[in-house]
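Asks: So that we are looking at the same thing, I have put the structure below in structure tokens.
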Amino acid sequence: MHLSDEILNKYVDNELSAEELSEVSEHINVCTECLSKLKAQRVVEHQLKRIETFTLSDSFTNLVMTKINVSAIHKPKKSYFMRFIFSFFALSCLAILIFIFANMPEVNNNGDYSKWFDNAGEFISGVFSANQKLFSQKTISLIGSMLTIILLATGYFIYDFHKRFKDHINKLG
Ligand SMILES: [Zn+2]
């Protein structure tokens, strides 16, 4: 008599008693038909276990949820910080450009760009040589308004960042 499917299942799941186990072993040694059925059963069992651990594991689901929550907490923090840094540099560059153009000496506008660059170079070296009109009233007021713009923008972004971060913390609580 061949081994029943139930016995084969129990064999694969290690649920047989010592007595049953020795009977099955004896039979498998002499019956290739049951041996191949057992091998097939093992393969199916192995695949099922893999699918189960992959889809139904609670710890796996929890792990994913934890990772999602962690990234949800950290992502805004990072992006607002990066936005703040980027805005700060963009505004600084803009302010410097405004400063340079506002102080630019008059240029003969006949399409002579090399002359424009010459003038720009002269002007910039003039600013940094510090013996010219660097501390004139106009320059000081320009630097002052430039710094004010940067400070206001920085203040706004710090305020905005804190507000959003607080809102986020409150949502979590
Ligand atoms: Zn058999």
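Asks: Would you work out if segment 5-55 is rounded, prolate or oblate? Take a ≥ b ≥ c from the square roots of the eigenvalues of the alpha-carbon gyration tensor; rounded if a/c is under 1.5, else prolate when a/b is larger than b/c, oblate otherwise. Please report the intermediate quantities before stating the final value.
Replies: Working: a/c = 3.68, a/b = 1.73, b/c = 2.13.
Oblate.
Asks: Could you give the nm distance between label points at E26 and I150, where each point is 7 Å from its Cα heading toward the beta carbon?
Replies: About 9.3 nm separates the two model spin labels.
Asks: May I pose another question? Per residue of segment 26-43, what does 6.51 cos²θ - 1.76 cosθ + 1.60 with θ = phi - 60° give for ³J(HN,Hα)? Whole Hz please, x for Gly and Pro, Karplus curve as stated.
Replies: 4, 5, 4, 4, 10, 10, 5, 4, 5, 4, 5, 4, 5, 4, 4, 4, 4, 4
Asks: Still on this structure, I have one more. Report the label-to-label distance for V64 and D167 in nanometres (one decimal), using points 7 Å from each Cα along the Cα→Cβ vector.
Replies: Distance between the two pseudo-spin positions: 2.9 nm.
Asks: What full-extension length gain, to one decimal in nm, is calculated for I96 and E19 as 0.36 nm per residue of separation minus the Cα-Cα distance?
Replies: On the way: separation 77, 0.36 × 77 = 27.72 nm, distance 8.97 nm.
Gain on stretching I96 to E19: 18.7 nm.
Asks: Any idea what the dipole of segment 5-55 comes to, in debye rounded to 20, about its Cα centre with Lys/Arg Cβ at +1 and Asp/Glu Cβ at -1?
Replies: Numbers: 6 positive and 11 negative charges, 82 e Å.
About 400 debye.
The numbers here are math on the coordinates, done by the rules we state, and not lab data. Worth saying up front: this structure is predicted, and the values here are computed from it rather than measured. Here Cβ is always computed from backbone atoms with ideal geometry, including for glycine, and neighbour counts include all displayed protein chains.
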